1. In the range B:14-45, what residues are part of a strand (DSSP E or B) and either free of Cβ contacts under 8 Å to residues at least 24 places away in the same chain or basic (Lys, Arg) (or both)?
2. So for the range A:42-55 (the condition being aliphatic (A, V, I, L, M), within 10 Å of the chain's Cα centre (by Cα), within 20 Å of B:GLN39 (Cβ to Cβ) and away from every other protein chain (no Cβ under 13 Å)), does at least one residue qualify?
3. Sort out which residues of the range A:60-88 are within 14 Å of chain B (Cβ to nearest Cβ) and either modelled with pLDDT of 95 or more or in contact with a Leu (Cβ under 9 Å, 6 or more places away or on another chain) (or both), and write them in order of number.
4. If A:ASP99 meets every condition in (1) within 14 Å of another protein chain (Cβ to nearest Cβ); (2) open to solvent by 30 Å² or more (accessible area, probe 1.4 Å); (3) closer than 17 Å to A:ALA48 by Cα apart from one, which number is that one?
5. Filter the range A:74-96 down to residues that are open to solvent by 40 Å² or more (accessible area, probe 1.4 Å) and free of Cβ contacts under 8 Å to residues at least 40 places away in the same chain, then give me how many there are.
6. Give all pairs with beta carbons closer than 6 Å in which a residue from the range B:87-115 that is closer than 15 Å to A:THR49 by Cα and within 13 Å of chain A (Cβ to nearest Cβ) meets a residue that is open to solvent by 10 Å² or more (accessible area, probe 1.4 Å) and basic (Lys, Arg); count only pairs at least 6 apart in sequence or on separate chains.
7. If you scan the range A:18-48, which residues turn out to be open to solvent by less than 60 Å² (accessible area, probe 1.4 Å) and not in a strand (DSSP E or B)?
8. May I ask you to list the residues in the range B:5-36 that are open to solvent by 40 Å² or more (accessible area, probe 1.4 Å), under 21 Å from B:ALA88 (Cα atoms) and among the polar types (S, T, N, Q)?
Amino acid sequence: GAVVSQHPSWVICKSGTSVKIECRSLDFQATTMFWYRQFPKQSLMLMATSNEGSKATYEQGVEKDKFLINHASLTLSTLTVTSAHPEDSSFYICSARGDRALEQYFGPGTRLTVT
Amino acid sequence: AQKVTQAQTEISVVEKEDVTLDCVYETRDTTYYLFWYKQPPSGELVFLIRRNSFDEQNEISGRYSWNFQKSTSSFNFTITASQVVDSAVYFCALSLYSSASKIIFGSGTRLSIRP
């Protein structure tokens, strides 16, 4: 199957700083990428959907100015958590879908801890 | 509104027992997809199966089997002769054809297989 990578796999940052998480499709072109957040022992919640070259569509309740998403190429999407706070500590997972494909391929996730 | 319910929060069985994970979904759309994912302690989601709404045939893959019943809006997952390596959180999920592949996850069932 197709491979999606995320970098970094884990990150610790101080409160007030910004953190960028990368999501890459390694062997296919991802026209659409999705970002999910998962709090401990909870389910995955969709944060936003991004299509290459256009602005991301955020789910209700997700602050677009805090969670900046860029999908500048067909193989890379980035999520930047701006002015991170401890409550932003979570497991962030991306997924990618190719054009006309039904399958979404998930990345391994990035564990963010804000101290 | 779309919703996926996994009523079993945690299940613990002894190795070699059979175990069924329940999943009930809600949608008014007629074209949709149902999924099961496994999330081991590492956090990476493992795709298990996708079933579209027009295919009610049950499926068996090794020790895994799935029972899709539109009449009860259920998509249950059975593991036969469970093994310790099956211990993980299992998510049932729903995606509507009309909503650009957004996946709605259930709350997950934590399965523990005791040796």
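1. Hit for the range B:14-45 is B:LYS38, nothing else.
2. No, every residue in the range A:42-55 fails to be aliphatic (A, V, I, L, M), within 10 Å of the chain's Cα centre (by Cα), within 20 Å of B:GLN39 (Cβ to Cβ) and away from every other protein chain (no Cβ under 13 Å).
3. Passing the criteria: only A:VAL62.
4. Status for A:ASP99: all satisfied but (3).
5. The total comes to 1.
6. Partner pairs satisfying both residue conditions: B:SER101/A:ARG97.
7. Scanning the range A:18-48 gives A:PHE28, A:SER43.
8. B:THR5, B:GLN8, B:THR9, B:SER12, B:THR20
The values are calculated or read from the model by the stated rules, or taken from the named source; none is laboratory data. Every value quoted in this text rests on a predicted model; they were computed, and no experiment measured them. Glycine also receives a Cβ, built like all others from the backbone with ideal geometry; neighbour counts cover every protein chain displayed. Heads up: the accessible areas ignore ligands, DNA and RNA and are worked out on the full protein's heavy atoms, side chains in. Shrake-Rupley method; radii C 1.70, N 1.55, O 1.52, S 1.80 Å.
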